[in-house]
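Have a look at the structure below before the remarks.
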Amino acid sequence: MTLKAIAINATLKPTGKEPSSTDKMIDLVRDQLKEHEVEWAGTIRLADHRIKWGVSSDEGDGDEWPELRRRILAADILVFGTPIWMGQLSSPAKLVLERMDAFLSETDDRGRTPASGKLAVAAIVGNEDGAHRCTADLFQALNDVGWTIPAGGATYWVGEAMNKKDFKDLPEVPEQVTATVAALASNAAHLAKLLGNDTYKGVEQKA
């Protein structure tokens with residue numbers, strides 16, 4: 001089977017403003033997934049879209065989330081990229097997680113959410129502490145609404161404390177980051193294939 005991956009970039013910067021370190025990390029994951037014959041469906045930069053506040057899958061006129069939701073769920077693997085701000089996920093990342101809360105009321109007759117059988121991995125960057133906290137918050141929320149997290153499903157880079165250097169400005173990618181991304185891609189592609197051939201059965205829902 002042919003697997004497809006798509007990314008979310010939760011940077012605060014719209015396209016064209018300045019380069020994004022989150023994009024650089026997402027691109028590393030993309031390149032490694034391609035090594036496992038995973039088709040790339042592009043990156044959604046959230047700051048370029050009008051996503052309304054709310055917890056439904058469609059918040060009405062002008063809301064671009066329904067189409068973004070469709071694109072995300074058309075893929076087998078979601079690469080969720082976010083910068084760290086004040087030790088936390090970015091506000092666009094939190095907005096998307098809140099919109100995915102609607103999955104909990106959109107289950108099928110076996111109790112499976114729209115994300116059931118699909119994988120999510122994390123790509124996190126920052127020049128401050130918070131990578132582990134962001135990974136924990138992100139994976140807890142994604143798992144709650146049905147996404148599957150593979151072993152070693154997060155990669156991150158954080159710079160030296162109180163330093164201004166960004167990931168995008170590094171002359172070369174640190175060896176440990178490269179190794180972590182390679183393992184993430186291998187595990188994600190392997191598990192996505194398994195679930196693609198034999199997904200979760202769910203539990204029959206009582207009337």
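The values are calculated or read from the model by the stated rules, or taken from the named source; none is laboratory data. Model, not experiment: these values are computed from the prediction. Glycine gets a Cβ as well: all are built from the backbone with ideal geometry, and neighbour counts include every protein chain shown. Calculation scope for accessible area: heavy atoms of the full protein, side chains included, ligands and nucleic acids excluded. Shrake-Rupley method; radii C 1.70, N 1.55, O 1.52, S 1.80 Å.
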By how many degrees, between 0 and 90 and to the nearest 10, does the Cα long axis of helix 21-34 differ from the longest principal axis of the chain?
60 degrees
Students sometimes get this wrong: rank Arg71, Arg45 by accessible area, probe 1.4 Å, all chains present, largest first.
Arg71, Arg45
Could you state the angle between the C-alpha long axis of helix 91-100 and the longest principal axis of the C-alpha atoms of the chain, as a value from 0 to 90 degrees rounded to the nearest 10?
10 degrees
If you wrap a convex hull around the C-alpha atoms of the range 94-207 and split its volume per residue, what is the figure in Å³?
109 Å³
Pick from Gly153, Gly62, Gly54: which is most flexible by mean-square fluctuation in a GNM of the chain where alpha carbon atoms under 10 Å apart are linked?
Gly62
Please work out how much accessible surface Trp147 shows to a 1.4 Å probe, ignoring ligands, DNA and RNA, in Å² rounded to 10.
0 Å²
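What percent do you get for the relative contact order of the chain when only Cα pairs under 8 Å and 6+ apart count?
Details: 402 pairs, mean separation 50.9, N = 207.
Reported as a whole number, the value is 25 percent.
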Determine the dipole magnitude for the chain: charges of +1 sit on the beta-carbon of Lys and Arg, -1 on that of Asp and Glu, nothing else is charged, the reference point is the Cα centre, and the result goes in debye to the nearest 20.
100 debye
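For His49 and Ala161, compute 0.36 nm times the residue count separating them, minus their Cα-Cα distance, and round to one decimal in nm.
On the way: separation 112, 0.36 × 112 = 40.32 nm, distance 3.20 nm.
That pair, His49 and Ala161, stretches by 37.1 nm at full extension.
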If you average the alpha carbon positions of the range 105-178 and of the range 19-75, how far apart do those two centres end up, in angstrom?
14 Å
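Classify the range 146-207 as rounded, prolate or oblate, taking a ≥ b ≥ c as the square roots of the eigenvalues of its Cα gyration tensor: rounded when a/c is under 1.5, otherwise prolate if a/b is larger than b/c and oblate if not. Spell out each step's value before the answer.
Working: a/c = 5.19, a/b = 2.40, b/c = 2.17.
The shape class here is prolate.
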Acute angle (nearest 10 degrees) that the helix 131-144 long axis makes with the longest principal axis of the chain, alpha-carbon atoms:
10 degrees
How big is D, in µm² s⁻¹, for the range 35-91 by Stokes-Einstein at 10 °C and 1.306 mPa s if Rh is the Kirkwood radius over C-alpha pairs?
119 µm²/s
3J(HN,Hα) from dihedral phi, the range 109-122, Karplus parametrisation 6.51/-1.76/1.60, rounded to Hz, x for glycine, proline:
6, 10, x, 8, 7, x, 8, 4, x, 10, 9, 9, 10, 10
Ignoring any ligand, DNA or RNA, what whole percent of the accessible area of the range 39-80 comes from carbon and sulfur when the probe is 1.4 angstrom?
47 percent
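Using a 1.4 Å probe, what is the accessible area per residue for the range 3-131, in Å²? Display every interim value, and only then the final one.
Numbers: 5480 Å² over 129 residues.
With the other protein chains kept in place, the range 3-131 gives 42 Å² per residue.
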Using a 10 angstrom cutoff on alpha carbons, build the Gaussian network for the chain and name the most mobile of Val29, Val173, Val79.
Val173
Restricting to lysines and to Cα separations under 23 Å from Lys24, and discarding same-chain partners fewer than 8 apart, the set is Lys4, Lys13, Lys34, Lys94, Lys164, Lys165, Lys168
Sorting Gly87, Gly62, Leu184 by the position of each Cα along the dipole of the range 59-207 (Lys, Arg +1; Asp, Glu -1; all at Cβ), the one nearest the positive end of that ordering is Leu184
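Please check the chain for the longest run free of GluC sites (Glu not before Pro) that are loop-located per DSSP (anything but H, G, I, E, B) and have at most 13 other Cβ atoms within 10 Å. Before the final figure, lay out the partial values.
Values: sites that count: Glu35, Glu37, Glu160, Glu172, Glu204.
It works out to 38-159.
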Kindly give the semi-axes, whole Å and largest first, of the ellipsoid equivalent to the chain, taking each as the square root of 5 times a Cα gyration tensor eigenvalue.
27, 21, 15
Roughly how much of Asp137 is accessible, in Å² to the nearest 10, using a 1.4 Å probe?
60 Å²
Solvent exposure ordering (accessible area, 1.4 Å, most first) of Ile149, Ile8:
Ile149, Ile8
Give the calculated FRET efficiency between Leu194 and Gln88 to the nearest 0.05, with a Förster radius of 22 Å applied to their Cβ-Cβ distance.
0.10
For a label point 7 angstrom out from the Cα of Arg133 toward its Cβ, which stretches of the range 63-90 have the backbone nitrogen within less than 13 Å?
84-90
Heavy-atom SASA rank of Thr155, Thr178 (probe 1.4 Å, accessible area, largest first)
Thr178, Thr155
Placing +1 on each Lys and Arg Cβ and -1 on each Asp and Glu Cβ in the chain, then taking the dipole about the Cα centre, the residue among His132, Leu3, Ser116 whose Cα reaches farthest towards the positive end is Ser116
Built amide H within the under 5 Å cut-off of Glu128, gap 5+:
Gly159
